[in-house]
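Undergrad: Next up is a structure, given as structure tokens.
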Protein chains: 2
Amino acid sequence: MKELLKYLEIADKMEAWIIEKDLSQGEKLPKLAELMELYGVSKSTIVKALERLENRGLIYQVQGSGVFVRRPKRADYVNLIDNNGFTADLPTHKMASKVLTLRKIKPPKKVQAVFGPEQTEVYEIRRLRYIDADVLCLEESYFRTDIIMYLNEQIAQGSIFNYVRELGIAIGFSDKYLTVKKLDQKTADLLGVKAGDPALTINEIYYLTSGEPFDYSTTTYHYENSKFFIQSNA
Amino acid sequence: MKELLKYLEIADKMEAWIIEKDLSQGEKLPKLAELMELYGVSKSTIVKALERLENRGLIYQVQGSGVFVRRPKRADYVNLIDNNGFTADLPTHKMASKVLTLRKIKPPKKVQAVFGPEQTEVYEIRRLRYIDADVLCLEESYFRTDIIMYLNEQIAQGSIFNYVRELGIAIGFSDKYLTVKKLDQKTADLLGVKAGDPALTINEIYYLTSGEPFDYSTTTYHYENSKFFIQSNA
């Protein structure tokens, strides 16, 4: 396992290096041979690490020319490609959560449709999430209790994804569905806006690296306090 | 060139095959050896083609277990990862455009900031885009005239990206910035909704595979006629 995931570790180190050096879009990375020496790993590990960074929209590779940095030119946008969570996306801000609901329940139908009929119990968590002093979003999540076996309010006040990773659970990929709507009174009240005001709703399913879904979330964003970016490489 | 892009051709064939067979999420693809035989190409070409499909959110690979299909479980959502355009994203719908503006101009400041100060001329294109009989969005695009040297209204009524590809220009990656707002009267009138109604605005910069930006667009979506998905693999 450790050996297989070496490239992920190197990818994380390269990302930290790009941020630390504050490299900007279009700046060229060192050549393969230099990167191999710098990180003390094989060519195939560097190649896989670069692919990982390309997938995440952090670099682009030009055949015969080299590897170049991609970075958003605008601060404070939430990254819709990486699955690191707000805490990692918005490092210059103070993120906080207010837990509205945290309980184990029988999954609602829409959740069971995603997790499968054999799923008889889930954690339901509703949180208001704040960026600095402002409301960012209302998040309603369902986690499989056979994968995330323990959660409490203190954990839910921080980054649940960080907690999941600390448990040694490997978060893989996600499906996200976006729609825009006018808010109902109840949700508007929670977000501190008016009924009828606009909102982006993102419906997300997160999978483990094994392909198993473990988190089903619906997040409704405060339209004035949220903005998003996607660095697509396809 | 042809040789280098072989894996892209194979990736396209595999994608067409997945769609034709109507494989659903979680279905397993044939093993590497079978794919090599099926497409008559080397292992490295198959590996690169699979990476391409993984980047685009069409498959996921589980170490030691195989390659599996990823497909959105909901129809009619616009893919925010692939850069194929609506025509490819919404194959069961009739897409059309009404060209409002098509002219060569000196780039506005916001556009020159992206293309660089040496860019003295761009095509400005404003289009209303329709899905079946409904307005999907208002799109305002700027193309570099030194890359897209010729455009006319007939081309702009169809897929400009298909035209660009037919010119042999290789579209690479994109940066997309998303915000939600209340519409002003003028844009609302064009979209056929009311002033103050919600809208998602996506500001996009498209790059060639060389890393050069060639298209700067701002698209404002009809909130009831548009929905989006992102299959992230990061």
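Rule-based calculations on the coordinates, nothing more; no lab input. This structure is a prediction, so every number in the text was calculated from the model and none was measured. Ideal geometry is used to build each Cβ from the backbone, glycine not excepted, and the neighbour counts take in all protein chains shown.
Undergrad: What length, rounded to one decimal in nm, is gained on full extension from B:LEU5 through to B:GLU140, with 0.36 nm per residue of separation minus their alpha-carbon distance?
TA: On the way: separation 135, 0.36 × 135 = 48.60 nm, distance 3.13 nm.
Answer, rounded to one decimal: 45.5 nm.
Undergrad: Also, quick follow-up: Angle check, please: helix B:43-55 long axis (alpha carbons) against the longest principal axis of chain B (alpha carbons), in degrees 0 to 90, nearest 10.
TA: Tilt of helix B:43-55: around 40 degrees.
Undergrad: Separate question: Rg and Dmax of segment A:6-69, Cα atoms, in Å?
TA: 10.6, 27
Undergrad: Something else now. State the Cα centre-to-centre distance between segment B:50-127 and segment A:1-77 in whole Å.
TA: Going from one Cα centre to the other spans 24 Å.
Undergrad: Sticking with this structure for a sec: Want the number for A:GLN157 to A:ARG103: 0.36 nm per residue separation, take away the alpha-carbon distance, what's left? All intermediate terms of the calculation are to be shown ahead of the outcome.
TA: Values: separation 54, 0.36 × 54 = 19.44 nm, distance 1.41 nm.
Gain on extension, A:GLN157 to A:ARG103, equals 18.0 nm.
Undergrad: Using only the Cα atoms of the protein assembly as shown, what do you get for the radius of gyration and for Dmax, in Å?
TA: 22.4, 63
Undergrad: Could you give me the percent of Cα pairs per 10 Å distance bin for segment A:165-234, shortest bin first, beginning at zero and ending with the bin that holds the maximum distance?
TA: Spelled out per bin, shortest first, that is 18, 37, 29, 16, 0.
Undergrad: At most 11 other Cβ atoms within 10 Å and a DSSP loop assignment: could you name the trypsin sites (Lys or Arg not before Pro) in segment B:152-234 that fit?
TA: On the way: sites: B:ARG165, B:LYS176, B:LYS181, B:LYS182, B:LYS186, B:LYS194, B:LYS227; in loops: B:LYS194, B:LYS227.
Listed in order of number, the matching sites are B:LYS194.
Undergrad: Right, here's the next one. So what's the convex hull volume per residue for the Cα atoms of segment A:93-153, in Å³?
TA: 92 Å³
Undergrad: Viscosity 0.890 mPa s, temperature 25 °C: Stokes-Einstein D of segment A:78-229 from its Kirkwood Cα radius, in µm² per second? Write down the numbers at each step before the final one.
TA: Details: Rh = 15.9 Å.
Diffusion coefficient, whole number: 154 µm²/s.
Undergrad: Divide by every residue of chain A the summed helix terms, -39500 (n - 2.57) for each DSSP H run of at least 4, and state the resulting mean residue ellipticity at 222 nm, rounded to the nearest 500 deg cm²/dmol.
TA: Values: 8 runs with 66 residues, N = 234.
About -7500 deg cm²/dmol.
Undergrad: On to the next question. Using a Debye calculation, one point per C-alpha and no hydration shell, please list log10 I(q)/I(0) for segment B:26-158 at q = 0.11, 0.15, 0.16 Å⁻¹ in order.
TA: -0.64, -0.90, -0.93
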